[in-house]
1. Which residue, B:72, B:317, B:165, has the most motion in a Gaussian network model of chain B that connects Cα atoms within less than 10 Å?
2. Keeping the other protein chains in place, figure out the carbon and sulfur percent of the accessible area of chain B, with a 1.4 Å probe.
3. Give me D for the range B:95-188 in µm² s⁻¹, whole number, from Stokes-Einstein with Rh from the Kirkwood sum over alpha-carbon pairs, 20 °C and 1.002 mPa s.
4. Among rounded, prolate and oblate, which fits the range A:174-232 when a ≥ b ≥ c are the square roots of the eigenvalues of its C-alpha gyration tensor, a/c under 1.5 means rounded, and a/b larger than b/c means prolate?
5. For chain B, modelled as a Gaussian network with Cα springs under 10 Å, which listed residue fluctuates most, B:267, B:346, B:154?
6. When chain B is treated as a GNM, springs tying every alpha-carbon pair under 10 Å, which of B:71, B:204, B:83 comes out with the largest mean-square fluctuation?
7. To make sure I understand the rule: partners must be aspartates and glutamates, Cα under 12 Å from the Cα of residue B:294, and not fewer than 8 residues away in the same chain. Which ones qualify?
8. Need the per-residue list for the range A:108-125: every residue with at least 50 Å² less accessible surface in the complex of protein chains than in the chain by itself, probe 1.4 Å, sorted by number.
Amino acid sequence: MNGSSVTEPVGAESIYTHAGEPALEVHDLTVAYRSQPVLWDIDVALPEGRLIAIVGPNGAGKSTLLKAALGLVKPTTGWIKVFGAPYTQRRSWVGYVPQRESVDWDFPTSVIDVVCMGLYGRVGWLRRLSREHREIARACLDKVNMAHLAHRQISQLSGGQQQRVFLARALAEDARLYLMDEPFAGVDAATEHAILMLLQELRGRGRTVVAVHHDLQTVSDYFDYVVLLNMRLIAAGPVSTTFTQENLHKTYGGRLTVLSKAADALFTQKETEPE
Amino acid sequence: MTYTLQNVLLGSIMLGVSGGVLGSFAFLRRQSLLGDALAHAALPGVCIAYILTGTKAPLPLLLGALAAGVTGSLFILFVVRWTKIKEDAAIGIVLSVFFGLGIVLLTRIQKMTGGNQSGLDKYLFGQAATLVEEDLKLMAILGAVALIIVAAGFKEFKLISFDPGFGQSLGYPVRRLEILLTCLLVIIVVVGLQTVGVVLMVATLITPAAAARQWTERLSIMVILAGAIGGLSGAVGAVASATAERLPTGPMIVLVSSAVLVVSLLFAPERGLLWARLRDHKVRDRIRRENLLKDMFLMAERSGETGAFVSSPSLMGLRGRGHRDMIENVRPLVRDGLIERGTDEFRLTESGLAEAERVVRNHRLWEVYLSSNLALPLDHRAQ
């Protein structure tokens, strides 16, 4: 619904310089869970119209960054803006794909009902879904090749199918920016391909996708922009220039345990500014 | 119908319906124990309200229960949020601490002058026969309010029960909705105290929900069904306790709904244990029988005599199966006239031969398809 105002993506530079506000702007962000820092001083601006991977080792704060952007976790310091405004003012611009394991798939409901949840933001409080809403949901299911399973119980889905249902639900939100938490995790080859096609279609329509991604092998094939994260921002930029051996080494190779131990020590002693 | 029975019946049905509906959400959100803790937490509230006001009138006592129930649930919420104690432990702590306090207060009240007539012990196991019209009115109003809220916000409650994180990303005040659901649960618990009592209250919330879940894969139907099962159990339990002499109502209601649950766990289609086992056995037996026919056919084909007897050890050796195991599969084949049984040897009858041929043919066609279209290796037996 907001997509119509988006300019067609031409080249990388033109988007970055002409699209105005960055899709996601993170400023001075620190997040701590129970005195345990998860993200430290993150400063980054992500351009619109790109497929962006957030890459980093386990516990690097990748999911936390997404959740902070969605207002699901409160930052200790700093802020995040979505297209130049706080998330609370941009909710309808953002679609969210949580981790597949975050819900109980034995819940008594059907595929189409889950996809319809993506429309709740538009339907509004206490209102019922109309026939048109169901049509939209069905069209979204069709985009992930799941239309034939619309009335299947969600408890009968395979892992790949579960992931597609979540993607269809995000599509139903018709967002300008999609935040996805490990969309490729644990899916079969067919689903992986279907997701890839979907991401490229979204980019073709000028949408932005920010996805937590685990498989280093496929980063340069699937994405065109990358954020390397390990509690701190290691690097961010186009895959061709940023996804380098050196940066990867900084992200993963710096012996994670040593790095986090050092950070822990700095944090608990409350010494002068780390680094 | 006597006045008392009428009251007991109405009260039990109203409690069953509202308990089943609210319990469904607690059940799906894995908060079954929370209901139990809330019920137990209500007891000290009743006692304190009695000590403060000195009356036995239900309204102040139930308000006390309500306050204590809400305190207990907030307590759990805070413990989980601010300490490292997990929810199950927090629930256990609140349940036992509040219940212990309640029992201490109850004992003290019993020992106070005139305390014996306080009748507070009815809140332990419930005493539906003491329900009067005033109680029923209160139950009807509170129950109706809870049901109307659930019906109006059904879409929202469904969302936060299935995927609270997503609901939050859409801008729904998930935490507040969760608290609202918990408060409704507390209200139903309080409504049910006089009828069922704090100890068994959780059963009226969870048992109908668990039974209803067995029969449907749709939340709306599950909620309605849970209400129906709860109401029916209430009615049957109330009547049963009234007809037989001196049977307590609350425990009877619980026994009836538990019976429904057992039947549902065993016999519900799809999710029922019995059908699942039966399906597994059917498939297994069919595969084994077809394999047996196929093996005999292939052995006969190789030896060139299709009607020849095959010894049972040689058949067993083919798939490493025990003797007893195999005889179990042979028996129905003999009964259907597909196999003829000699002493420790078998042979295919004419119709058995035809059936075996069909099985082998299907199998070979499938093999050809797999190996030529999907490039899978051939079955070693077919080579």
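1. Of the options given, B:317 has the highest mean-square fluctuation.
2. Percent of accessible area from carbon and sulfur atoms in chain B: 64.
3. For the chosen part, D equals 129 µm²/s.
4. Verdict is oblate for the range A:174-232.
5. With Cα springs under 10 Å in chain B, the top fluctuation among B:267, B:346, B:154 is at B:346.
6. B:83
7. B:355, B:357
8. Flagged in the range A:108-125: A:108, A:117, A:120, A:125.
The values are calculated or read from the model by the stated rules, or taken from the named source; none is laboratory data. As the structure is a prediction and not an experimental result, all values here were calculated from the model. Every residue, glycine among them, receives a Cβ derived from its backbone with ideal geometry; neighbour counts consider all protein chains shown. Surface accessibility is based on the protein's heavy atoms, side chains included, excluding ligands, DNA and RNA. Shrake-Rupley method; radii C 1.70, N 1.55, O 1.52, S 1.80 Å.
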